[in-house]
Amino acid sequence: HGEINAGIRANDFDDESARFDEYRDRSDGLFGSADILMDSETSFLGASVENPALDDQYYNLRGGLFGLFKGEIFYDELTHQLSYNALTPAAGIGSDVLFVPDPVPPVSAWSDFDYNVEVKTLGAQFTVDTHNPFYFKASADQQRKEGIMPYGLYNSGTFKLAMPIDYTTYNTLLETGYRSKETTAALIAGYSYFDNDFDVLTLRFGGELEEYSTPIDNYSYNFSGRVTQRLPMESLLALKAAFNHHLSEADFSKYVSIASPEADNEFDGDVRYIRGSAVLTSQWDKMLDTRLYYSYVNRENESDEITSITGGTRTNHLFEYDKHQAGLDANYRLSKVNKLSGGYEFDATDRTREDAEQTFDNLLFAQLKNTSLDWMSAMFRLEYLNRWSDSDYSEETLSGDGLIHEFFTPFDYATKDRYRAKVAFEFNPLERLGLGLSYSLVFDDYDATQFGLQKDQRHELYADANMQLPAKIKLDTYAGYEYTESEFDSRRFNPGGADPTLPPDALNFNWSEEFDYDFFVIGSKVFIPIIARLDLVLNADYQFVDGNIDFARSAAAGAPLGTITEADDYYKTTAGIKSIYKADDQWSITLGYAYEKSNLDDWRYDNFTYRSGSVYLSGDGLDRDYEVHQVYALTSYRF
Amino acid sequence: ADVSASAPDVKMGFIGAKTCKECHEKQYESYTRSVHYKKSIKGPQAQDACETCHGPGAMHVEKGGGRGVDIFTFDKNVDPLEKSAKCLTCHDTTPGMDLWDPGVHKRNDVSCDSCHDLHVGGRQKPRDPEVCFDCHRDVKIDANKRSHHPILEGKIRCSSCHSPHGSLNKHMVEADDPRELCFKCHADKRGPVVWEHAPVEEDCQSCHAVHGSSHARLLLERIPQLCQNCHDWSRHPGTPYDSTASFTSRFECLRCHSAIHGSNSPHAGGLRFVR
């Protein structure tokens, strides 16, 4: 049995943008798909095709013998469209050597190009799973990425130029395992290799040559094993150990203008991760179950230490860390319809990092779920996180610009309290009516931070409904609203002015900002049987983002800072209507119309200019808006 | 009665699928199109058919039928542990099911039938991501945002990154660590590199909202706000970029610090990710 679809479509653009083609190819012309599955008592064979010959084409061939093996081969293309009609003064787009004349010619003489990356993945997987206790799995894929991405460069001016992408990644994975009712075991080995055809990006600006690094060729081995053992009290003990070894090589001899700091012209990257986990789950009785767990991660960095010669003398820091995580949670059935859950988790991280040497997390949660009404379930959850962090700075030795570290704390490691509350309901008052509603609040208080993030809060409200109305009309709808608000304090200073107690002036002052975003989305889909064999489907979705950033500083530092009222402001509308005529049980014809409009308003792009002073931009953020009308016809055959 | 006997009708209270079909023809038809109907797959279903999952039907028939009358059903109000136990009778040794007990789904009352529709012909695999979105509304909303992974476009499935049948990792991630998962598609970020950006080496989610974001590049916050949340220094890192900022200074940190995921340059500028 299966289904074959073939259609034709046409687009009419009121406004065209790469964003419309992001991840998909909706170009004019033919499109289609097929999905076929043949099976017998002992075997199956299936094939799928989606959008053949288009930039998002997908092919899959699968088959197997029941109780013996199954396998799959696939090919998938993904189109990553970033921006059409970007401009550049550089020659050599698509190569790893870019030439920009000095003086830079006027924008009218620049050439245009598109930022995009095509991803092509060819892969296969195979599983042998017979009726004996052992099984075997193997998978492999090759992923090719080709295209051009924006890349900012500084060289006697700032350039936004085209970084050539020519990556190939090979992944392979082998797994073998044993399973019985009491014991399971699995051994997994993987290898991955990443190859970048462009090792160095060179910019020739007039007679000057500068070189920039690109993603490094690298490979990775991983080995892991896990065991589970059933124990008394309906308990299960699961143990896992994993070793990941990442290696890389950078060939410094490929840099012409930069002196190599190493005699052998090489950097050898070598990072190892050792991970371990243990979990014990127990069903003490019908009322109580528990989970006790522990995990450990160690990052060991055996890479080369490099001290630069060009551009100053700097030595790379070899970042390492240890993480421990342990926790206990429990579910207790207070009654048949009430379930109480609670838990505690402790995390400790030790890093070789001055601004965040240690972090300790204590997380507590409690949750109550009630199903006392046949037509409703309710859940209420509370969570509290206390994070304590410590830096490795010695305040006595901080001086100059470094004095700011005494006052500034990075947000993701900062000491804080986090409060989270969530309430959720599921309603099924009628057999053909389902409603869902949830609200959550997250509040972070960084009360130990002088400069850095001070507070942030997030409200999330989601609802959805699906129902069958009279005359077999079906309605699916959803809506969401999110509000985020953050408060941030910082200090702007020139060298020597890090001390926040210094009197403010135009170049040295403390300042604060509050940023908030409203996000709203709503969507519906209605299925309406018009007459026998003729159905109508309507859909509409709308979302918007409204972002604002308010700033404040002392009057002694200068005029008030200006509020940004267009911070990633965005809206998108999609709508469609289609009629489906079922000629018989096998054939159907669909005629449809679809509409999409997307618009981004951001202060950053107001009065955009490609060239300003010694800044030369490509306009990669400009190509955001589109408005498209599409008509299509599709015929489907089911068998 | 001899429960080991091969004929279904001699087992205690078992009535055979043909009897079930008399009232439940639609369900029976869908069952015959399913993998469970394949006689080559060893297991009790080859013998007991409907009653493998629903239990013996004699009393149900005797009482004249009715939803849940002396028969096991997979209705919403039935204990999820009991429902899953039916499936796990056979599937507890299916590869990948060994971590069902420690998994988040089991512990949150998700049963097999929450995702798998057993009476759909041919395939029992859930519709991914639609089935996941039924519960994970926040993820559905994120996947709809301006910047997102190609989940709605069908190029990434939830199960591409998560193990719905259980895992020892947080969020049931399908890898030894969330970063290792990202490297499956983004091996260019794997390194090891000469000049490391510490948060990159610890957690991609320090900067990225993995399912989707209202900000470009799936970032948690727009730039420069995101960068300034961690960086202050003399001159531009600590400068407020407000609406009065000049055009040339509006543009984001990545205009110069392009190698933000780590640099391999022998030049000292690699330390600041500008090379």
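The values are calculated or read from the model by the stated rules, or taken from the named source; none is laboratory data. Because the structure is a prediction, the values reported are computed rather than measured. For neighbour counting, all protein chains shown are included, and Cβ atoms are generated from backbone atoms with ideal geometry for every residue, glycine included.
When you go through B:109, B:101, B:79 one by one, which is the residue that is closer than 19 Å to residue A:286 by Cβ and in contact with a helix residue (DSSP H, G or I) (Cβ under 7 Å, 6 or more places away or on another chain)?
Just one listed residue meets the conditions, B:109.
Of the residues that sit in segment A:61-94 and are hydroxyl-bearing (Ser, Thr, Tyr) and modelled with pLDDT of 95 or more, which one is farthest from residue A:21 (Cα to Cα)?
A:88
Exactly one condition in (1) more than 30 Å from residue B:214 (Cα to Cα); (2) within 11 Å of chain A (Cβ to nearest Cβ); (3) not β-branched (Val, Ile, Thr) is false for residue B:148; which is it?
(1)
Being closer than 30 Å to residue A:410 by Cβ and either basic (Lys, Arg) or in contact with a strand residue (DSSP E or B) (Cβ under 9 Å, 6 or more places away or on another chain) (or both) narrows it down to one of B:127, B:157, B:179, so name that one.
Working: B:127 fails: closer than 30 Å to residue A:410 by Cβ; B:157 fails: closer than 30 Å to residue A:410 by Cβ.
Of the residues listed, the single one that is closer than 30 Å to residue A:410 by Cβ and either basic (Lys, Arg) or in contact with a strand residue (DSSP E or B) (Cβ under 9 Å, 6 or more places away or on another chain) (or both) is B:179.
Scan segment A:24-40 and give yes if some residue there is at the interface with chain B (Cβ under 9 Å from one of its Cβ atoms), surrounded by fewer than 17 Cβ atoms within 10 Å (Cβ to Cβ) and more than 22 Å from residue A:592 (Cα to Cα), otherwise no.
At the first step, the residues of segment A:24-40 found to be at the interface with chain B (Cβ under 9 Å from one of its Cβ atoms) are A:24, A:37, A:39-40.
From the residues that got through so far, the ones that are surrounded by fewer than 17 Cβ atoms within 10 Å (Cβ to Cβ) too are A:40.
Among the residues that remain, those that are also more than 22 Å from residue A:592 (Cα to Cα) are: A:40.
Scanning segment A:24-40, I find at least one residue that is at the interface with chain B (Cβ under 9 Å from one of its Cβ atoms), surrounded by fewer than 17 Cβ atoms within 10 Å (Cβ to Cβ) and more than 22 Å from residue A:592 (Cα to Cα), so the answer is yes.
Which count do you get for residues in segment A:624-639 that are within 31 Å of the chain's Cα centre (by Cα) and either at pLDDT 90 or above or closer than 21 Å to residue A:98 by Cβ (or both)?
Going through segment A:624-639 one residue at a time, the tally reaches 6.
Among the numbered conditions (1) surrounded by fewer than 20 Cβ atoms within 10 Å (Cβ to Cβ); (2) of a type in the set (Gly, Ala, Ser); (3) assigned to a strand (DSSP E or B), tell me where residue A:108 comes up short.
Among (1) surrounded by fewer than 20 Cβ atoms within 10 Å (Cβ to Cβ); (2) of a type in the set (Gly, Ala, Ser); (3) assigned to a strand (DSSP E or B), the lone unmet condition for residue A:108 is (3).
Scan the strands (runs of 3 or more DSSP E) fully inside segment A:38-104 and keep the ones with 2 or more residues being over 28 Å from residue B:154 (Cα atoms) and of a type outside the set (D, E, K, R).
Numbers: elements: A:43-50, A:58-65, A:69-88, A:97-100.
It comes to A:69-88, A:97-100.
Restricting the search to segment A:416-448, which residues are surrounded by fewer than 17 Cβ atoms within 10 Å (Cβ to Cβ) and part of a loop (DSSP other than H, G, I, E, B)?
Of everything in segment A:416-448, those that are surrounded by fewer than 17 Cβ atoms within 10 Å (Cβ to Cβ) and part of a loop (DSSP other than H, G, I, E, B) turn out to be A:431, A:432, A:447, A:448.
Given the criterion of a type in the set (D, E, K, R), at pLDDT 95 or above and over 20 Å from residue A:441 (Cβ atoms), identify the matching residue among A:485, A:513.
The conditions single out A:513.
Can we say residue A:353 is facing chain B (nearest Cβ under 7 Å) and either more than 30 Å from residue B:77 (Cα to Cα) or charged (D, E, K, R) (or both)?
Numbers: facing chain B (nearest Cβ under 7 Å): yes; either more than 30 Å from residue B:77 (Cα to Cα) or charged (D, E, K, R) (or both): yes.
Here the answer is yes, as residue A:353 does meet what is asked.
Would segment B:55-65 turn up any residue that is closer than 28 Å to residue A:429 by Cβ, modelled with pLDDT of 85 or more and within 14 Å of another protein chain (Cβ to nearest Cβ)?
no
Here is a yes/no grid of residues against (1) surrounded by fewer than 19 Cβ atoms within 10 Å (Cβ to Cβ); (2) farther than 25 Å from residue A:3 by Cβ; (3) touching a helix residue (DSSP H, G or I) at 6+ places or on another chain (Cβ under 7 Å); (4) without any contact (Cβ under 8 Å) to a residue 12 or more places away in the chain:
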| position | (1), (2), (3), (4) |
| --- | --- |
| A:545 | no, yes, no, no |
| A:555 | yes, yes, no, yes |
| A:563 | yes, yes, no, no |
| A:584 | yes, no, no, yes |
| A:594 | yes, no, no, no |
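Any idea how many residues of segment B:1-33 are within 14 Å of chain A (Cβ to nearest Cβ) and modelled with pLDDT under 85?
1
Within segment A:262-313, take every residue that is of a type in the set (Gly, Ala, Ser), in contact with a strand residue (DSSP E or B) (Cβ under 6 Å, 6 or more places away or on another chain) and within 30 Å of residue B:263 (Cβ to Cβ) and give me the one that is farthest from the other protein chains (Cβ to nearest Cβ).
Among those residues, the one meeting the criterion is A:303.
Is it the case that residue A:241 is surrounded by 15 or more Cβ atoms within 10 Å (Cβ to Cβ), more than 9 Å from chain B (Cβ to nearest Cβ), part of a strand (DSSP E or B) and hydrophobic (A, V, I, L, M, F, W, C)?
Spelling it out, residue A:241 is indeed surrounded by 15 or more Cβ atoms within 10 Å (Cβ to Cβ), more than 9 Å from chain B (Cβ to nearest Cβ), part of a strand (DSSP E or B) and hydrophobic (A, V, I, L, M, F, W, C).
Please determine whether any residue of segment A:491-506 is crowded, with 16+ Cβ neighbours inside 10 Å, touching a Ser or Thr at 6+ places or on another chain (Cβ under 7 Å) and assigned to a strand (DSSP E or B).
yes
On the given criteria, is residue A:512 over 30 Å from residue A:591 (Cα atoms) and part of a strand (DSSP E or B)? Give the steps one after another, and end with the answer.
Numbers: over 30 Å from residue A:591 (Cα atoms): yes; part of a strand (DSSP E or B): yes.
Considered against the rule, which asks whether it is over 30 Å from residue A:591 (Cα atoms) and part of a strand (DSSP E or B), residue A:512 comes out as yes.
Considering only residues that are more than 7 Å from chain A (Cβ to nearest Cβ) and farther than 29 Å from residue A:563 by Cβ, which ones fall in segment B:232-275?
If the condition is that a residue be more than 7 Å from chain A (Cβ to nearest Cβ) and farther than 29 Å from residue A:563 by Cβ, then B:261, B:262, B:272, B:273 are the ones that fit.
Just to be sure before I move on: is residue B:176 among the acidic types (Asp, Glu), at the interface with another protein chain (Cβ under 9 Å from one of its Cβ atoms), over 21 Å from residue A:220 (Cα atoms) and buried (at least 20 other Cβ atoms within 10 Å of the Cβ) in the structure I sent?
So residue B:176 does not fit the description; no.
Please go through (1) part of a helix (DSSP H, G or I); (2) modelled with pLDDT of 95 or more; (3) not aliphatic (A, V, I, L, M) for residue B:261 and return the number of the only condition it doesn't satisfy.
Of (1) part of a helix (DSSP H, G or I); (2) modelled with pLDDT of 95 or more; (3) not aliphatic (A, V, I, L, M), only one is false for residue B:261: (1).
Does residue A:543 satisfy the condition of being more than 30 Å from residue A:507 (Cα to Cα) and within 14 Å of chain B (Cβ to nearest Cβ)?
On the way: more than 30 Å from residue A:507 (Cα to Cα): yes; within 14 Å of chain B (Cβ to nearest Cβ): yes.
In short, yes.
Could you please find all residues in segment B:38-51 being modelled with pLDDT of 85 or more and either in a helix (DSSP H, G or I) or of a type in the set (Lys, Arg) (or both)? Working first, answer last.
At the first step, the residues of segment B:38-51 found to be modelled with pLDDT of 85 or more are B:49-51.
Within segment B:38-51, B:50, B:51 qualify.
Where residues in segment A:601-637 are within 12 Å of chain B (Cβ to nearest Cβ), in contact (Cβ under 8 Å) with a residue 40 or more places away in the chain and assigned to a strand (DSSP E or B), which of them is surrounded by the fewest Cβ atoms within 10 Å (Cβ to Cβ)?
Looking at the filtered set, the residue picked out is A:611.
Only one residue in B:58, B:46 is among the aliphatic types (A, V, I, L, M) and in contact with a Lys or Arg (Cβ under 7 Å, 6 or more places away or on another chain), so which one is that?
B:46
Residues A:303, A:341: which one is farther than 23 Å from residue B:78 by Cβ and small (Gly, Ala, Ser)? Write out each step before concluding.
Values: A:341 fails: farther than 23 Å from residue B:78 by Cβ.
Residue meeting the stated conditions: A:303.
Only residues that are in a loop (DSSP other than H, G, I, E, B), charged (D, E, K, R) and within 42 Å of the chain's Cα centre (by Cα): list them for segment B:226-258, please.
Residues satisfying the conditions are B:232, B:242, B:252.
Please determine, by comparing only the residues of segment A:224-238 that are under 32 Å from the mean Cα position of the chain (by Cα) and facing chain B (nearest Cβ under 10 Å), which one is surrounded by the most Cβ atoms within 10 Å (Cβ to Cβ).
A:228
Look through segment A:245-258, keep the residues that are of a type outside the set (Phe, Trp, Tyr) and at the interface with chain B (Cβ under 7 Å from one of its Cβ atoms), and return whichever of them is nearest to the chain's Cα centre (by Cα). Full working, then the answer.
Within segment A:245-258, the subset of a type outside the set (Phe, Trp, Tyr) is A:245-251, A:253-254, A:256-258.
In the following step, the residues that additionally are at the interface with chain B (Cβ under 7 Å from one of its Cβ atoms) were identified as A:246, A:248, A:250, A:258.
Numbers: A:246: 22, A:248: 24, A:250: 27, A:258: 35 Å.
Out of the qualifying residues, it is A:246.
Go through the residues of segment A:457-477 one by one and say whether even a single one is at pLDDT 95 or above, touching a helix residue (DSSP H, G or I) at 6+ places or on another chain (Cβ under 7 Å) and basic (Lys, Arg).
The answer is no, given that none of the residues of segment A:457-477 is at pLDDT 95 or above, touching a helix residue (DSSP H, G or I) at 6+ places or on another chain (Cβ under 7 Å) and basic (Lys, Arg).
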